[in-house]
1. Would you be able to tell me the number of residues in the range 205-237 that are touching a Phe, Trp or Tyr at 6+ places or on another chain (Cβ under 8 Å), within 16 Å of ligand 2 (Cβ to nearest atom) and not in a helix (DSSP H, G or I)?
2. Considering only the range 6-41, state which residues are outside any helix (DSSP H, G or I), under 17 Å from Ala76 (Cα atoms) and modelled with pLDDT of 95 or more.
3. What are the residue pairs meeting all of these: first residue in the range 233-249, first residue under 16 Å from Asn198 (Cβ atoms) and near ligand 1 (Cβ under 10 Å from one of its atoms), second residue of a type in the set (Val, Ile, Thr) and modelled with pLDDT of 95 or more, Cβ atoms under 8 Å, and 6 or more apart or on different chains?
4. Determine if the range 196-217 includes at least one residue that is in contact (Cβ under 8 Å) with a residue 24 or more places away in the chain, of a type in the set (D, E, K, R) and over 30 Å from Ala113 (Cβ atoms).
5. Please indicate, with yes or no, whether at least one residue in the range 186-193 is away from ligand 2 (no atom under 15 Å from the Cβ), β-branched (Val, Ile, Thr) and either buried (at least 16 other Cβ atoms within 10 Å of the Cβ) or part of a helix (DSSP H, G or I) (or both).
6. Assuming Cys178 fulfils every condition listed in (1) part of a loop (DSSP other than H, G, I, E, B); (2) within 29 Å of Asn123 (Cα to Cα); (3) more than 14 Å from ligand 2 (Cβ to nearest atom) apart from one, which condition is it?
7. Can you name the number of the only condition in (1) hydrophobic (A, V, I, L, M, F, W, C); (2) modelled with pLDDT under 95; (3) part of a helix (DSSP H, G or I) that Ala250 fails?
8. Of all residues in the range 1-21, which are surrounded by 12 or more Cβ atoms within 10 Å (Cβ to Cβ) and not hydrophobic (A, V, I, L, M, F, W, C)?
Amino acid sequence: MWAINLDKYENLIDVKGGPMEEALKAKEEGLIRHISFSFHDTPENLIKLVDTGNFETMLVQYNLLDRSNEQAISYAKSKGLGVAIMGPVGGGRLGAPSEQIQKLIPKGTKSSAEMALRFVFSNPNVDVALSGMSDLKMLQENVRIASIVEPLSKEEKDTLEEILREKQRLANLYCTGCNYCMPCPNGVDIPKNFTAMNYFRVYDLLDTAKSTYEKLKNDQKAAESCIQCYQCESKCPQKIKIVEQLEEVASKLA
Ligand code: SF4
Ligand code: SF4
């Protein structure tokens, strides 16, 4: 069941005569062996899908920059599901060079992509990670990383956890992504601009920050569309000087 969420599951998939019924029948007839889903929804809804008992494996997003599914992954594993990860390198965001990412563990890694993959492989609840590759060199690099028997030692994991917690704290200081400041009458996606800036400010991923900004610009949601009406600032619980910060985002990333 490709790219589902709880709403789709309840209203389109697990309905009389729907795909779930047919899939279960196909399994009973031996035409297929396993029923699986890929997922884009909240971690709470992920747990509800696991609890339907209809699925044997799942494919979900998980990486250094987005650990929101971590607990749900652990829950799924405890219920016997196979866990496949999509976007282990953050959909390419962690493929960009970053000294800070490469030095998340004391011995360092050859690339930020290596750090990202080793982080995912070191989670005992992960069975397989699907990492996009565009040339032979990347394939060889991924095979090398996937062959490391112990992706992270206990000490490395502890250090990494501590640094990631601190980075998340820094990112939240800047903007928690609560969305209270939205909508902007001129279409600026304020939290997404700050997320782009955090890639640079917190993780030293300048190329990733710039390409994220470029996408926002293509959708007319970038910081430079701000007309400084100041409607958003009073709504921010973090008291962020949004207009000033957006100016900084535009000057660094545009
Ligand atoms: S100040 Fe800028 S970002 Fe804030 S609401 Fe006005 S146009 Fe939008
Ligand atoms: S209200 Fe403040 S903290 Fe929340 S998303 Fe907007 S800028 Fe970020």
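1. 3
2. His34, Ile35, Ser36, Phe37, Ser38
3. Cys236/Ile242; Ile242/Ile190; Leu246/Val188; Leu246/Ile190
4. No: the range 196-217 contains no residue that is in contact (Cβ under 8 Å) with a residue 24 or more places away in the chain, of a type in the set (D, E, K, R) and over 30 Å from Ala113 (Cβ atoms).
5. Checking the range 186-193: not a single residue is away from ligand 2 (no atom under 15 Å from the Cβ), β-branched (Val, Ile, Thr) and either buried (at least 16 other Cβ atoms within 10 Å of the Cβ) or part of a helix (DSSP H, G or I) (or both).
6. (3)
7. Exception for Ala250: condition (2).
8. Asn5, Lys8, Tyr9, Glu10, Asp14, Gly18, Pro19, Glu21
The values are calculated or read from the model by the stated rules, or taken from the named source; none is laboratory data. As the structure is a computational prediction, the values presented were derived from the model and not from experiment. Virtual Cβ from ideal backbone geometry, glycine too; neighbours counted across all protein chains shown.
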